Amino acid sequence: MKDILDAIQSPDSTPADIAALPLPESYRAITVHKDETEMFAGLETRDKDPRKSIHLDDVPVPELGPGEALVAVMASSVNYNSVWTSIFEPLSTFGFLERYGRTNELAKRHDLPYHIIGSDLAGVVLRTGPGVNAWQPGDEVVAHCLSVELESSDGHNDTMLDPEQRIWGFETNFGGLAEIALVKSNQLMPKPGHLSWEEAAAPGLVNSTAYRQLVSRNGAGMKQGDNVLIWGASGGLGSYATQFALAGGANPICVVSSPQKAEICRAMGAEAIIDRNAEGYRFWKDENTQDPKEWKRFGKRIRELTGGEDIDIVFEHPGRETFGASVFVTRKGGTITTCASTSGYMHEYDNRYLWMSLKRIIGSHFANYREAWEANRLIAKGRIHPTLSKVYSLEDTGQAAYDVHRNLHQGKVGVLCLAPEEGLGVRDQDKRAQHLDAINRFRNI
Ligand SMILES: C/C=C/C(=O)SCCNC(=O)CCNC(=O)[C@H](O)C(C)(C)COP(=O)(O)OP(=O)(O)OC[C@H]1O[C@@H](n2cnc3c(N)ncnc32)[C@H](O)[C@@H]1OP(=O)(O)O
Ligand SMILES: NC(=O)C1=CN([C@@H]2O[C@H](COP(=O)(O)OP(=O)(O)OC[C@H]3O[C@@H](n4cnc5c(N)ncnc54)[C@H](OP(=O)(O)O)[C@@H]3O)[C@@H](O)[C@H]2O)C=CC1
């Protein structure tokens, strides 16, 4: 691995030098183990500790197939899907790997007793498989996490609708929290030159998801002037949704849980902010009963902040805890767009407020090829910025996932894989200088 890192860091290396480097037999990767999927049985979700299930292992380099690329990963980031994998909820991801492995001979590679996780990367292409022409060894890239086969016409208009749609590093093996990753070459996109490796690795998954969910016509199709209620507005998804709302001329109403997080939203440019903790909303009286009075109190507060208007679009992901309130506070004809259920997937809401007021609920998941590309283009143009707060070493990935699980983090947390230190990989210092404050907005808070 040292030779690979030296070649990547040498300004004199040519694509031919990178292509000629021998691949190592093994590399270091963050894994969960199939024989440990029951280790947290009987524990409450919050007590399942990713530090116990996440391992750093030496693993063999996978065989490279047609249309694929092996990438030397300089940095990656922690997404909540890696938290789900590490606590084996809502189900063990080994079932996904087994199912994928049954589809064809080459896919069997993914069905292993260990799962290399991680759905973001920034790095350098080492090898490409047969049929790959657009990318060469030496290219500096980021990878989005949509893995599709596209053999069925179902996905030909919107690649997220492919029946064999998988999230790389969650429903496939050989993910990004490792020194080497295996991706389909269609996942590759140019690394934004004004960002360091760890900054470039941070937005991918959440930025693309927020783009589809909020901006794309496949999601809420946000327009200028829309009041957008953003749960967790300084978190992974929310910090990008807030930026998209502001950049698109909408009015974000940011919900957070501390004065510090409120301050981050203010620094991004948001003005309407609700501290759900300070204002003490309790949408559930007990485990089974919601409190519509609390939905109303929340809606009243939103009206205070908007000058009497209700919400056009709710950017939903907490799920069970907030969904009833989200449906209630949406205006007549408005949209609730949801991509997750962090607090529970069995939602309950009063359907009278949905049908009588002609509201719509839209399910959204990651982003199609084109949406991921467009979301990355906005990062590359400096219109949307990474929200990286803290960076961990590969050895400390368990702690990083623990912090995300316990909501101790801000924005995104990064992981250095091959990069020996932070701040490397910047190729466009002029553009960086123009955006430095925004790039560093979440750092070390
Ligand atoms: C980018 C980042 C994203 C995130 O972070 S998202 C958050 C993390 N992700 C998650 O939490 C999602 C995890 N995934 C899941 O929980 C499960 O993955 C699903 C609930 C999404 C799906 O469940 P499953 O069991 O994998 O698949 P089934 O489709 O329920 O298949 C079970 C059986 O049900 C049959 N079936 C499906 N639809 C129908 C139907 N409409 N009518 C009759 N049968 C149906 C199938 O065929 C199959 O059958 P047979 O077991 O015999 O093969
Ligand atoms: N389907 C898809 O494509 C994707 C789905 N996801 C899923 O979305 C969810 C969020 O991901 P991400 O944003 O990266 O995670 P983060 O933890 O970074 O951010 C989520 C934020 O939501 C807020 N939150 C958490 N629990 C609650 C609650 N019970 N009530 C209200 N607010 C809450 C918190 O903000 P605060 O405490 O400040 O209010 C938190 O910071 C995860 O479940 C993840 O798996 C993520 C990406 C893609």
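The values are calculated or read from the model by the stated rules, or taken from the named source; none is laboratory data. None of the values given here were measured: they were computed from a predicted structure. For neighbour counting, all protein chains shown are included, and Cβ atoms are generated from backbone atoms with ideal geometry for every residue, glycine included. Protein only, heavy atoms only, side chains kept; ligands, DNA and RNA dropped before computing areas. Shrake-Rupley method; radii C 1.70, N 1.55, O 1.52, S 1.80 Å.
Below, the figures for the structure above:
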| read-out | value |
| --- | --- |
| Residue within segment 172-194 that is part of a helix (DSSP H, G or I), under 24 Å from residue 317 (Cα atoms) and out of contact with any Asp or Glu (no Cβ under 8 Å at 6 or more places or on another chain) present | no |
| Boolean, residue 433 is among the small types (Gly, Ala, Ser) and open to solvent by less than 50 Å² (accessible area, probe 1.4 Å) | no |
| Residue satisfying all of: in segment 338-380; more than 25 Å from residue 157 (Cβ to Cβ) and aromatic (Phe, Trp, Tyr); farthest from ligand 2 (Cβ to nearest atom) among these | 355 |
| Strands (runs of 3 or more DSSP E) contained entirely in segment 246-337, each with at least 2 residues that are open to solvent by less than 30 Å² (accessible area, probe 1.4 Å) and either away from ligand 2 (no atom under 16 Å from the Cβ) or touching a residue at least 12 places away in the same chain (Cβ under 8 Å) (or both) | 251-256, 272-275, 311-316 |
| Residue under evaluation residue 113, criteria (1) within 21 Å of residue 197 (Cα to Cα); (2) open to solvent by 20 Å² or more (accessible area, probe 1.4 Å), criterion not met | (1) |
| Any hit, segment 383-403, residues being within 16 Å of ligand 2 (Cβ to nearest atom), out of contact with any helix residue (DSSP H, G or I) (no Cβ under 6 Å at 6 or more places or on another chain) and in a loop (DSSP other than H, G, I, E, B) | no |
| Yes/no for residue 366 being in contact (Cβ under 8 Å) with a residue 40 or more places away in the chain, at positive phi, in contact with a helix residue (DSSP H, G or I) (Cβ under 9 Å, 6 or more places away or on another chain) and open to solvent by less than 20 Å² (accessible area, probe 1.4 Å) | yes |
| Any hit, segment 161-175, residues being within 16 Å of ligand 1 (Cβ to nearest atom), surrounded by 24 or more Cβ atoms within 10 Å (Cβ to Cβ) and within 26 Å of residue 264 (Cβ to Cβ) | no |
| Near pairs, Cβ below 7 angstrom, 6+ apart or cross-chain, from segment 215-226 (outside any loop (DSSP other than H, G, I, E, B)) to any residue that is open to solvent by less than 50 Å² (accessible area, probe 1.4 Å) | 215/222; 215/244; 215/248 |
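Table: residues versus (1) out of contact with any Ser or Thr (no Cβ under 6 Å at 6 or more places or on another chain); (2) free of Cβ contacts under 8 Å to residues at least 40 places away in the same chain; (3) surrounded by 17 or more Cβ atoms within 10 Å (Cβ to Cβ); (4) not in a helix (DSSP H, G or I).
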{"site": "29", "(1), (2), (3), (4)": "yes, no, yes, yes"}
{"site": "41", "(1), (2), (3), (4)": "yes, yes, no, yes"}
{"site": "63", "(1), (2), (3), (4)": "yes, no, no, yes"}
{"site": "72", "(1), (2), (3), (4)": "yes, no, yes, yes"}
